[in-house]
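Here's the structure we're looking at; comments come further down.
What follows is calculated from the coordinates using simple rules that are stated; it is not laboratory data. Small disclaimer: the values here were computed from a predicted structure and weren't measured. No Cβ is skipped: glycine too gets one built from the backbone with ideal geometry, and neighbour counts run over all protein chains shown.
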Number of protein chains: 2
Amino acid sequence: MNLLDGKIVSEHLLNQVSQNIQKFSKERPPHLAIIMIGNHPASETYVNAKIKTCEKYGIKGSLYHFPETISEKKLLQEIQILNEYSEIDGIIVQLPLPKHISENQVIETISPHKDVDGFHPVNIGRMSKNLTSLLPATPGGILELLKYYQIETVGKHCVVIGRSNIVGTPMSILMSRNAYPGNCTVTLCHTKTKNLDFFTKNADIIIIAAGQPELLKGNMVKEGVVVIDVGIHRVTDNTKKTGFRLTGDVEFDSVAPKCSYITPVPGGVGPMTIAVLLKNTCQVWLQKFQNQ
Amino acid sequence: MNLLDGKIVSEHLLNQVSQNIQKFSKERPPHLAIIMIGNHPASETYVNAKIKTCEKYGIKGSLYHFPETISEKKLLQEIQILNEYSEIDGIIVQLPLPKHISENQVIETISPHKDVDGFHPVNIGRMSKNLTSLLPATPGGILELLKYYQIETVGKHCVVIGRSNIVGTPMSILMSRNAYPGNCTVTLCHTKTKNLDFFTKNADIIIIAAGQPELLKGNMVKEGVVVIDVGIHRVTDNTKKTGFRLTGDVEFDSVAPKCSYITPVPGGVGPMTIAVLLKNTCQVWLQKFQNQ
């Protein structure tokens with residue numbers, strides 16, 4: 001059993017980002033605009049982590065912080081201003097948003113060319129047609145993990161569990177495209193799936209983003225499977241001093257011994273997401289100079 | 001075994017289109033612009049059939065016919081003019097295009113609001129996010145067939161064979177969405193799939209758009225399966241006076257006896273595609289009056 005180490009791979013990816021930035025060190029650095037609404041404590045933590053990582057690798061991160069009471073109309077206008085501002089390469093909006101603001105409206109207002117979260121329909125649509133696009137960060141990060149460890153994917157049966165717009169659905173599309181990683185026969189499972197273990201027992205690669213702690217157990221997988229765990233949960237554990245431990249959607253202790261490769265939680269998919277966000281921002285920025 | 005009769009269902013759908021048009025009979029009729037480049041004989045046949053069907057059901061169909069030698073730039077300008085012309089509701093481009101013109105560039109130039117073929121990334125992306133969109137015509141037509149015959153889909157294992165941008169890939173996305181028809185566990189198979197019959201034998205619903213005559217045979221499916229055949233091929237048959245017969249991607253004689261429902265070829269999926277094209281055109285037109 002080998003670990004798919006997200007810390008190593010994200011570091012590798014971010015060093016590439018850094019090197020790309022140094023190539024054009026006479027230009028202004030890449031610039032990521034992060035929009036945050038209100039004072040959701042978890043959001044603040046995520047946003048601070050993003051800005052810190054940006055700075056560490058040579059990307060300027062700017063926080064655009066609006067009050068909880070901002071109207072949808074005003075927010076969309078602010079996004080339009082950022083769309084038109086040529087010195088901003090990437091724009092993301094920290095979710096969740098207050099209830100009076102439509103998430104889809106906000107995402108579709110961001111210019112697809114600056115949509116470094118890869119959530120805009122144009123990017124999802126182009127991805128599904130196997131055209132160049134900004135990939136959604138978590139699925140993009142999983143591709144990077146598979147690539148780094150040179151996991152064979154062509155002709156493999158890949159079972160994706162969970163059909164969210166930001167992980168499961170785009171992941172299933174990516175793994176079935178004619179590309180590497182890709183070219184898998186993909187089964188997309190979700191809450192309406194019957195006999196989940198029929199599919200998982202047949203899978204060569206399982207990517208699980210089900211949002212259920214330790215759903216996937218050892219008796220549900222075959223020997224040699226590759227398992228990618230997108231979940232992260234805090235569960236009660238009285239054997240720990242803190243009274244809790246972190247776990248994923250996979251029961252690691254029973255599944256790992258049967259795997260050829262598996263992601264740890266934490267330290268697997270988690271660090272990849274932010275690395276791809278920065279990679280996407282750098283990609284937009286690079287295009288400006290490469291097209292000159 | 002029951003037939004999923006595309007003639008009946010397309011007629012039903014087109015009568016609904018007609019009725020919707022009559023509700024606003026004081027307004028101008030819906031208007032579909034069909035762009036054709038060069039003189040591809042098959043394209044001319046398809047285009048004439050589309051215009052005839054339009055007229056039969058109260059939609060104005062206009063042919064914009066350009067010579068084979070038109071430059072890409074000029075074609076894109078012509079599309080822009082049609083985008084801005086408020087009395088045109090839908091725009092389609094008859095494929096294939098001459099080699100010097102990029103199909104993707106052309107599709108992405110059509111306004112997503114007038115893209116009644118449902119090929120624009122915005123429509124594919126919104127579809128994949130389960131938002132309102134103009135559905136691609138063939139997958140949309142298959143949904144209409146399933147709806148009309150009230151085929152149960154929730155929790156079923158649907159195997160889609162073929163991953164083209166216009167049928168297989170969008171079909172797999174639609175069947176796994178949280179909707180009816182939908183909510184299936186979907187496996188997308190293609191040329192790189194190993195053991196295709198492992199998947200087809202387990203399938204409750206098979207949608208095949210593989211482009212290979214009679215690929216799916218009776219020993220590859222289980223009793224009670226629903227089979228939708230998107231293929232249409234002319235194969236040599238010396239027992240026929242004409243020397244050929246039409247067949248699909250399914251070996252009908254061996255598969256049909258095991259099916260609960262199956263589409264005939266011809267007369268199954270074929271007539272649905274054009275019906276959805278007209279339905280989409282009418283949908284765009286209706287929105288103009290409903291929003292007044």
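For this structure, a couple of remarks:
- Efficiency of FRET between B:R245 and B:K222 - r from beta-carbon atoms, R0 30 angstrom, step 0.05: 0.65
- Remark on A:I206: its backbone amide H falls under 5 Å from those of A:V159, A:V226, A:V227, A:I228, a criterion applied only to residues 5 or more positions apart or on other chains, H modelled at 1.01 Å from N.
- Derived scalar couplings between HN and Hα for segment B:222-231 equal 9, 4, x, 5, 9, 10, 10, 10, 8, x Hz in order, rounded to whole Hz, by the Karplus curve 6.51 cos²θ - 1.76 cosθ + 1.60 (θ = phi - 60°), x for Gly and Pro.
- Inter-label distance, nm, simple model (7 Å from Cα along the C-beta direction), A:V154/A:H12: 2.1 nm
- Share of pairwise Cα separations in the protein assembly as shown, more than 48 Å, in percent: 15 percent
- Free-standing Cys, chain B [no other Cys Cβ under 4.7 Å]: B:C54, B:C189, B:C259, B:C282
- For segment A:137-269, DSSP calls about 20 percent of its internal beta bridges antiparallel.
- For the pair A:E103 and A:K147, the difference between a 0.36 nm per residue extended length and the Cα-Cα distance amounts to 12.7 nm.
- Surface/4 of the Cα convex hull for segment A:25-112, nm²: 5.7 nm²
- Theoretical FRET efficiency, 1/(1+(r/R0)^6), r = Cβ-Cβ of B:S164 and A:T132, R0 22 Å, to 0.05: 0.70
- Cα-Cα separations in chain B greater than 31 Å, expressed as whole percent: 31 percent
- 5 angstrom amide H check on B:F244, placed H, neighbours 5+ away: B:D237
- Rounded to whole numbers, the Karplus 3J(HN,Hα) couplings from phi for segment A:90-107 are x, 10, 10, 10, 6, 9, x, 9, x, 4, 7, 10, 7, 4, 5, 4, 5, 4 Hz, using 6.51 cos²θ - 1.76 cosθ + 1.60 with θ = phi - 60°, and x at Gly and Pro.
- For B:N48, label point 7 Å along C-beta direction: distances to other copies, nm: 7.2
- Using the alpha carbons alone, the radius of gyration of segment B:137-271 stands to its Kirkwood radius in an Rg to Rh ratio of 0.96.
- Counted by Cβ distance under 15 Å from A:T153, the other residues give a net charge of +3, where Lys and Arg count +1 and Asp and Glu count -1.
- The lysine pair tally for segment A:137-269, using Cα distances under 12 Å and a gap of 8 or more places or different chains, is 5.
- Shortest-first distances to equivalent copies, position B:Y85, nm, label 7 Å out along Cβ: 4.1
- Net +/- balance of residues flanking A:N123 in space, Cβ distance below 10 Å, scoring K and R +1, D and E -1: -1
- Cβ-placed point charges (K, R +1; D, E -1), dipole of segment A:176-292 about Cα centre in debye, nearest 20: 260 debye
- Structural descriptor for segment A:137-269: relative contact order 21 percent, calculated from alpha carbon pairs under 8 angstrom and at least 6 residues apart.
- Each copy carries a label point for B:Q105 at 7 Å from Cα along the beta-carbon vector; from one copy to the others these points are 3.6 nm apart, nearest first.
- Karplus 3J(HN,Hα) series, Hz, for segment A:205-214 with 6.51 cos²θ - 1.76 cosθ + 1.60 (x for Gly, Pro): 9, 10, 10, 10, 9, 9, x, 10, x, 6
- Relative contact order of chain B, pairs being alpha-carbon contacts under 8 Å that are 6 or more residues apart, as %: 22 percent
- Legend: mean number of C-beta atoms from other chains within 10 angstrom of residue C-beta atoms, peptide A:180-192, equals 6.
- Inter-label distance, nm, simple model (7 Å from Cα along the C-beta direction), B:K201/A:Q22: 5.7 nm
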